[in-house]
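A short write-up of the structure that comes next.
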Amino acid sequence: MKSEIRCFTRECVRLAQMIVADPSEPAAPSGGGRFAEWTMLALHCVRIKFGKSYRETVDLLSEMPGILAELGLRYPPHFTTLCDWFKQLPMSHWRTLLALTGQQGSYDGAVDATGFSRGKISQHYAQRSGYKRSALKVTALVDIDSLLITDVHCTTSGKDDNPIGRQVARRNAGDLQRLLGDKGYDSMPFRTELNAAGIEPVIKYREFTDHDRAHNGRLKDAGYGQRWMAETAFSAIKRTISTSVSARSWFLQFREIILIAVVYNILRRLRQ
């Protein structure tokens, strides 16, 4: 029976080769040269799975020839090479990986937000850029049946839930059938936009009138309780993968959040 980490690595390689321009490129050309994109994509997934730093990840891999073989390598790259590749790989690759791992066809989704600590960020960078928030606001769209994350939005500001929810719903309008959300996503323009896109809004009203309270009382029959599936996904991530981001700049932190969601999806699929 194969170990989970071997199965995980093999699946990462398979998915990474699906999105690169040259999936047949050698993982590490003999006599020097650059590593293959698919190898580095898979390596970063393994790094997040380990929950280790770049240096610690390379140390662990040097003692795991079986995992290196799955990656097409005899020796792991230097940890600085691994770090540099994370900066070079475009966000579009991580977004495509998320789409592949969360692909479900038509589904009912729950949207919610949580915070991820930015405690490891450089204080010099923080002072220079003028940011004051110590956490990333991460909004996820979760399939309520499979608990797979189908989309993620990140921000370093205190942006309201409503415009974020509209952006996420707009990106997924082709497959989304119903959208479940709390009263932070309540607005008539958002409901109108969802209905126009063929998406049924199951969103709690802010209670200003008896009509609002009556509507909220009927939400239970509409399956509103399944909205908590988004919180369940966040809980699983924070218990088993990470509660914070280790990258220092905001754009790398956004990539890291997408990568965390990808790793969560792959592990969930393997364990089903």
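Laid out as a table, the results:
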read-out	value
Within straight-line cross-link reach of residue 183, aspartates and glutamates at Cα separation under 14 Å, skipping those fewer than 8 residues along the same chain	112, 160, 161, 207, 212
Listed residues 256, 25 arranged by accessible area, highest first, probe 1.4 Å	25, 256
Rounded to 5, percent antiparallel among DSSP beta bridges of the chain	60
Cut-off 12 Å between beta-carbons: net charge of the residues surrounding residue 152, Lys and Arg +1, Asp and Glu -1	+1
Inter-part distance where the range 149-223 and the range 62-78 are each reduced to a Cα centre, Å	45
Shape call, the range 4-89: gyration tensor on alpha carbons, a/c limit 1.5	rounded
Integer Hz, Karplus 6.51/-1.76/1.60 couplings in order for the range 176-190, x for Gly and Pro	6, 9, 10, 10, 9, x, 7, 5, x, 9, 7, 6, 5, x, 5
Rounded to 5, percent antiparallel among DSSP beta bridges of the range 104-247	60
Listed residue pairs exceeding 28 Å between alpha carbons, taken from 204/238; 49/137; 49/159	49/159
Largest-first ordering by accessible area, 1.4 Å probe, given options 204, 183	183, 204
Long-range Cα-Cα pairs in the range 28-69 (distance over 16 Å), rounded percent	40
³J(HN,Hα), Karplus 6.51/-1.76/1.60, whole Hz, each residue of the range 201-208, x for Gly, Pro	x, 10, 10, 5, 7, 5, 8, 9
Extension gain from residue 243 to residue 104, taking 0.36 nm per residue of separation minus the Cα-Cα distance	47.4 nm
Exposure ranking of 151, 22 by accessible area [1.4 Å probe, largest first]	22, 151
Helix axis angle, 4-19 relative to the chain longest principal axis, alpha carbon, degrees	80
Cut-off under 5 Å, modelled amide H: who pairs with residue 104 long-range	none
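The values are calculated or read from the model by the stated rules, or taken from the named source; none is laboratory data. It should be emphasised that the depicted structure is a prediction, and the values quoted were computed from it without experimental measurement. Neighbour counts run over all protein chains shown; Cβ positions are idealised from the backbone, glycine included. Just the protein is used for accessible areas: all its heavy atoms, side chains included, with ligands, DNA and RNA removed. Shrake-Rupley method; radii C 1.70, N 1.55, O 1.52, S 1.80 Å.
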